[in-house]
1. Can you pull out every residue in the stretch A:223-275 that is over 18 Å from the mean Cα position of the chain (by Cα) and not in a helix (DSSP H, G or I)?
2. Could you go through the stretch B:190-210 and let me know if any residue there is within 9 Å of chain A (Cβ to nearest Cβ), out of contact with any His (no Cβ under 8 Å at 6 or more places or on another chain) and either loosely packed, with under 15 Cβ neighbours inside 10 Å or at positive phi (or both).
3. Please determine, by comparing only the residues of the stretch B:167-177 that are within 11 Å of chain A (Cβ to nearest Cβ) and in contact (Cβ under 8 Å) with a residue 60 or more places away in the chain, which one is surrounded by the fewest Cβ atoms within 10 Å (Cβ to Cβ).
4. So how many residues does the stretch A:230-249 have that are touching a Pro at 6+ places or on another chain (Cβ under 7 Å) and facing another protein chain (nearest Cβ under 10 Å)?
5. Which residue out of A:70, A:66, A:107 is assigned by TED's automatic domain parsing to the domain that holds residue A:198, under 27 Å from residue B:156 (Cβ atoms) and in contact with a Ser or Thr (Cβ under 6 Å, 6 or more places away or on another chain)?
6. Mind listing whichever residues of the stretch B:55-78 are part of a helix (DSSP H, G or I) and either surrounded by fewer than 16 Cβ atoms within 10 Å (Cβ to Cβ) or within 7 Å of chain A (Cβ to nearest Cβ) (or both)?
7. In the stretch A:4-16, is there at least one residue being within 13 Å of chain B (Cβ to nearest Cβ) and at pLDDT below 90?
8. Please go through the stretch B:105-126 and give me each residue that is more than 10 Å from chain A (Cβ to nearest Cβ) and out of contact with any Ser or Thr (no Cβ under 6 Å at 6 or more places or on another chain), ordered by number.
Amino acid sequence: MQPWTFLAPFLLLFVAFLLVPLIYAVYISFFVRRMGVLYFVGFQNYITAIQDHQFWVSIVRVFFYGVVQGVIMIALALLLALLLDTKWAKFKSLFRLMFLLPYAVPGVFASILWGFLYSKSMNPLLHNLKFNPLSSGFLLYAIVNIATWEWAGYNMILYIASLTGVSTELYEAAKLDGCDEWQLARFIKLPLLKPTIVMTCILSFIGSMQLFNEPFLLTALTPISPDFTPNIYIYNMAFSMTNLPYAATLSVFLALITILISVIALTVNRLWRRRTPTAGAGASAAPAA
Amino acid sequence: MAQHTGSATAQMRERTGVVLPQANYRAVRAKTVATQSVVTLILFILAFYFMLPIIWILIASTKNAKELSSTGIFSLPSHLHFFENVRLLTTYQHGVYWMWFLNSAIYAVAVAVLTCIVSSMAGYALAKYDFRGRNGIFLLVIASLMIPGTVTAIPLFIVEKAFNLVDTYTGVIFPLIASPFGVYFLRIYIQDVVPNDLLDAARVDGASAARTFWSVVFPVIRPALVTLFLISMVGTWNNFFLPLVLLNNQDLYPLPVGIESLMSLINTPEAAMTVPLYPLIITGSLISIAPMIIGFILFRRQIVTGLTQGSVKL
């Protein structure tokens with residue numbers, strides 16, 4: 001009896017606010033609503049979703065965004081972590097704090113800050129440059145910059161934590177063998193970071209699939225299409241079009257795609273790790289703040 | 001002990017008998033200093049990028065509407081309007097901004113406290129009791145970690161509507177307490193840190209299960225609870241999508257949703273004409289960010305521990 005008493009509060013909340021909504025989303029995705037009445041239609045909504053051009057365009061857009069943003073952010077985070085890990089870096093903890101500080105800024109406010117810096121009415125410099133970061137052609141990259149600013153420091157911290165777990169003897173040995181700092185970073189640290197890099201790539205890509213806050217906030221400053229990202233499309237489907245069954249269908253669809261990507265990525269990663277058993281030495285290392 | 005007081009070069013000479021040429025030594029030193037300066041310069045430029053929006057909002061919050069659109073982003077106004085902007089914010093719709101601030105604090109603290117209690121109880125049961133269904137529940141918890149929060153938000157809205165929980169404090173707080181991450185994190189921690197002998201000793205002394213948990217387990221796992229408290233507090237303060245979907249009544253908005261509602265007014269010309277929206281949004285954003293940034297600087301050690309343990313171990 002005892003364990004169930006301890007589990008009860010969590011299980012109750014878990015079932016009521018996570019499991020039931022999830023099951024209900026799947027349930028309602030088999031219906032359509034006409035004149036306020038629900039009709040069972042089987043997989044019709046899913047067939048509609050598969051043929052829904054707008055939905056797939058938004059998926060392709062976040063895929064592209066996920067790759068571009070992931071590569072830029074992880075490269076920057078690696079540069080930060082490796083630079084801070086050299087013997088030349090001064091004021092390490094101050095720099096580390098400044099790089100991580102944007103992580104403390106909620107996404108909504110990060111979007112507002114950058115949104116205003118992008119906007120001609122706030123940033124007179126843009127008038128002279130004749131460059132509009134919020135123009136439709138550049139908008140996606142403007143969002144890449146916001147997300148990179150928010151998350152680069154977070155990824156840097158994960159890399160630093162992995163590096164601090166490595167014993168200094170390894171570096172000493174490498175130095176005795178004539179490794180300079182550059183070679184140390186390239187041939188010792190980077191391979192050691194590989195498992196963490198793979199993991200952050202997966203996490204970053206999954207996060208990108210859910211892109212919502214940044215474009216949603218920027219709609220106040222520039223026109224953004226209602227199908228810009230899958231989540232914006234779903235939100236508009238639910239609240240502007242008030243088509244809840246179809247919004248639920250798209251939610252389930254997006255969840256399945258996300259889970260499928262995670263499972264594939266984690267499986268590939270596991271097989272890869274098995275092939276190189278020495279990697280991951282510092283993966284669960286204690287961090288240094 | 002004489003060697004220890006000598007300089008590095010003297011030591012080297014004593015040990016190896018090799019005399020380092022002074023000129024060469026100086027060249028190496030000069031090169032090191034040069035590299036050091038280059039690395040530090042790169043770090044400074046990158047730090048400028050990361051601090052740029054924060055510096056900007058500090059300056060922008062001291063300008064009035066006219067100066068915002070007419071002066072450069074880094075030029076200070078001749079007269080500081082910060083307190084005037086705060087007064088504007090306070091009088092806007094009878095102080096609804098401070099209502100949002102209070103709501104954010106209520107959501108964040110309530111979610112953090114309750115998540116710690118609920119997750120530690122569940123984590124304890126999963127870590128220290130052997131019962132049928134234990135592995136099944138833990139697997140369910142891990143599986144639900146993979147489901148993005150935005151996916152359940154709209155179905156959650158439908159379910160909450162059926163139970164009259166839309167537009168209530170509980171409607172926002174309860175879904176956030178059901179934290180699979182918290183349970184996962186504390187189960188691992190309790191399994192690693194709480195010794196079985198300690199629990200047995202408490203039992204032998206006649207402590208009830210509840211007493212064992214509150215007076216023995218709870219104090220032992222305090223470091224993990226601090227981490228979880230901070231993570232869920234920051235997460236709730238920053239959460240936007242869930243309250244956006246679940247709330248219509250602006251008196252219940254947390255800060256991000258409230259400020260977003262101001263942002264969306266920029267496109268309605270009537271509102272933009274009558275209210276100085278830009279100073280309101282900028283000052284409102286600054287005051288919303290400030291507690292997070294200050295808290296982050298104070299608690300950076302615990303937060304960083306939480307970040308690295310939370311994801312690296314996953």
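1. A:223, A:224, A:225, A:226, A:227, A:240, A:241, A:242, A:243
2. Looking only at the stretch B:190-210, we keep the residues that are within 9 Å of chain A (Cβ to nearest Cβ), and these are B:209-210.
Restricting the remaining residues to those that are out of contact with any His (no Cβ under 8 Å at 6 or more places or on another chain) gives B:209-210.
Narrowing the set further to residues that are either loosely packed, with under 15 Cβ neighbours inside 10 Å or at positive phi (or both) leaves B:210.
Checked the stretch B:190-210: at least one residue is within 9 Å of chain A (Cβ to nearest Cβ), out of contact with any His (no Cβ under 8 Å at 6 or more places or on another chain) and either loosely packed, with under 15 Cβ neighbours inside 10 Å or at positive phi (or both).
3. My answer is B:173.
4. Total meeting the criteria: 1.
5. Working: A:70 fails: under 27 Å from residue B:156 (Cβ atoms); A:107 fails: in contact with a Ser or Thr (Cβ under 6 Å, 6 or more places away or on another chain).
Only one candidate passes the filter, namely A:66.
6. B:55, B:56, B:57, B:58, B:66, B:68, B:69, B:70
7. Among the residues of the stretch A:4-16, not one is within 13 Å of chain B (Cβ to nearest Cβ) and at pLDDT below 90, which makes the answer no.
8. Result: B:105, B:106, B:109, B:110, B:113, B:116.
The values are calculated or read from the model by the stated rules, or taken from the named source; none is laboratory data. All values reported here derive from a predicted model rather than from experimental measurement. Using ideal geometry, Cβ is built from the backbone for each residue, glycine included, and neighbour counts are taken over all protein chains shown.
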